[in-house]
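Right, one structure below, let's go through it.
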Amino acid sequence: MGINVDGCIRNIQSWLMPRCCVLCGAGGEGELCAGCERELPFNESCCARCAVPLPEAKGELLCGPCAQRPPPYDRALSLLRYAYPADKLIQKLKFNAQLHLARLLGERLAGYVARHVTQAPQVILPVPLHRTRLRERGFNQALELARPVARRLNIPLDYRSCARVRATAAQSLLPAAERRLNIKGAFQITRPLAARHAAIVDDVMTTGHTVEEFAATLRKAGVEKIEVWVLARAAP
């Protein structure tokens, strides 16, 4: 008689992590209860290019900065706005190492992408984390989010061909004016990329300087079409 390994793992996970809402603690409804799910700030009105939240956006409306100076990627998709309670979920994943949330949130991001993308990219590239930060945190939250996205959409995941070669200061700790300079030259292609259509995955997009620098690095390496898929987008 064979052993259902996946079933055993799920049973152990359920025992170790009771099925209660990670936000309000309500039991019996799974990791996110219906009430908290309804409170999620979906990014329904945003710039068609960079996904920055806008008061009212219909069709292919661009924000002012994108209209004046388009970013080096073709389009960004963001499931949520970076506001309560989405910010709390991301902080629990990123700073409290609640990695089970990467599956929960990554699967929701994948569902959103599937509804908005007509031509799938050839590869998914999570934003790299510098080895110093990786040692401190123990994981790369962008990679952990990208895993369920790649699995659900059946797209190859590549986290070895690109690296963050400069140990930059945390973008969140810097004034907006300093973030572009801080991230300049931070990424490097470590082996040839065959893909000509790629999707960058990250957890949060604030000013957008990090994904812009990564996208610019990919452009120089020959990637022709670049999408950005993020869990949440911060308002300007």
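Each value in this text was obtained by applying a stated rule to the coordinates, not by laboratory testing. Bear in mind the structure is a predicted one, so any value in this text is a computation, not a measurement. Methodologically, a virtual Cβ is constructed for each residue, glycine included, from the backbone with ideal geometry; neighbour enumeration extends over all protein chains shown.
Relative contact order of the chain: 22 percent, from C-alpha pairs under 8 Å at least 6 residues apart in sequence.
For the stretch 41-233, the Cβ-based charge dipole about the Cα centre amounts to some 480 debye (Lys, Arg positive; Asp, Glu negative; other atoms uncharged).
Charge tally around residue 41: other residues with Cβ under 14 Å, Lys/Arg +1 each, Asp/Glu -1 each, net +1. The residues neighbouring residue 205, those whose beta-carbon lies less than 10 Å from its own, together hold a net charge of -2 under the Lys/Arg +1, Asp/Glu -1 convention. For the chain, the residue among 25, 201, 188 whose Cα projects farthest onto the positive side of the dipole built from Cβ charges is 188. Of the residues 149, 118, 134, the one whose Cα sits farthest toward the positive end of the charge dipole of the stretch 107-198, with +1 on the Cβ of Lys and Arg and -1 on the Cβ of Asp and Glu, is 134. Of all segments of the chain bounded by GluC sites (Glu not before Pro) found in a DSSP loop with no more than 11 other C-beta atoms within 10 Å, the longest spans 61-223.
Over the stretch 41-233, how many percent of alpha carbon pairs lie in each 5 Å bin up to the one with the longest distance? All Cα pairs, binned at 5 Å, distribute as 1, 8, 16, 22, 23, 18, 9, 2, 0 percent. On the basis of the beta-carbon distance and an R0 of 41 Å, residue 26 and residue 191 show a calculated FRET efficiency of 0.30.
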